[in-house]
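Asker: Would you mind keeping the following structure in view while I ask a few things?
The values are calculated or read from the model by the stated rules, or taken from the named source; none is laboratory data. This structure is a prediction, so every number in the text was calculated from the model and none was measured. We place every Cβ from the backbone using ideal geometry, glycine too, and count neighbours over all the protein chains shown.
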């Protein structure tokens, strides 16, 4: 009897049919593939979703995506070039993102449409952005007149330059009249960003030791204005002292070719004080350089650099995508690792052309 009860307890009886664990109405739809006309029309209408997809297309390493992206960019070029391009840099901790949010809100408040292109460090694993600027600019990211796009820096600064320039073109064609490019911090990326903007702003800190001792002369020489951030609370006096010291240091630098005298100002991104003065400096710079022709001269020089950078990219891309070259690399790389041949000999063997 015990055995029968035990067997009965283990007997699986037919129960009520369980519903599916997946809601059929929530199944992910496959996005419609866009044509070149779809991208261009959407961008010119200011469609944020299509603009984002176009930027993703431009960042893709897929050859077909690159071909389509170049066609989209070429068709957008006649509608670009009407913005003021601003580069913003500063050491980590200077408050770049906080400043950009306060500055951006000021600009949208006076009727400007702004795009923020933040060059983020890339994850070694996913190659994606690490810092996530949208999460650090909560107010600006929800502003209907602002567009924030973090771009992973990738493994080369050259890639940053090319992709960011293309993104600038797309954003200008979408109707944004202020383009802000934020760098990851003081380093080589500043030179890259300087080569693609009209105005280059250097954010500084006060009270961080001997300010003049920590100055990188090359960075200061590139700047069109210096702004001492975090001039609030107990730091107001220190910020004013730093402003005076930086201004004195700038007098030792040679005169700028464009005749612009680099100003030094203070502001507070948290208290939103003197943000309007920083914008006025930029307006004065734009008026000054457009009047003496240096604004257009700078844009022309940037176009020449784009020309040579594109040649460099195309040559490298075509070279490494050549099957014969890849076969040769695969053949020689193990010999380099084993020490049977030096890296220089292997490099010569790959690049030498046979008669």
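Asker: Assess whether residue 281 counts as being modelled with pLDDT of 95 or more, surrounded by 10 or more Cβ atoms within 10 Å (Cβ to Cβ) and in a helix (DSSP H, G or I).
Answerer: yes
Conditions tested, residue by residue: (1) under 30 Å from residue 34 (Cβ atoms); (2) assigned by TED's automatic domain parsing to the domain that holds residue 285; (3) in a loop (DSSP other than H, G, I, E, B).
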{"residue": "67", "(1), (2), (3)": "yes, no, no"}
{"residue": "70", "(1), (2), (3)": "yes, no, no"}
{"residue": "74", "(1), (2), (3)": "yes, no, no"}
{"residue": "87", "(1), (2), (3)": "no, yes, no"}
{"residue": "92", "(1), (2), (3)": "no, yes, yes"}
{"residue": "102", "(1), (2), (3)": "no, yes, no"}
{"residue": "108", "(1), (2), (3)": "yes, yes, no"}
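Asker: Being under 30 Å from residue 249 (Cα atoms) and assigned to a helix (DSSP H, G or I), is that true of even one residue in the range 317-327?
Answerer: no
Asker: Now, a different point. With respect to residue 324, is the statement that it is at pLDDT below 95 and surrounded by fewer than 13 Cβ atoms within 10 Å (Cβ to Cβ) true?
Answerer: yes
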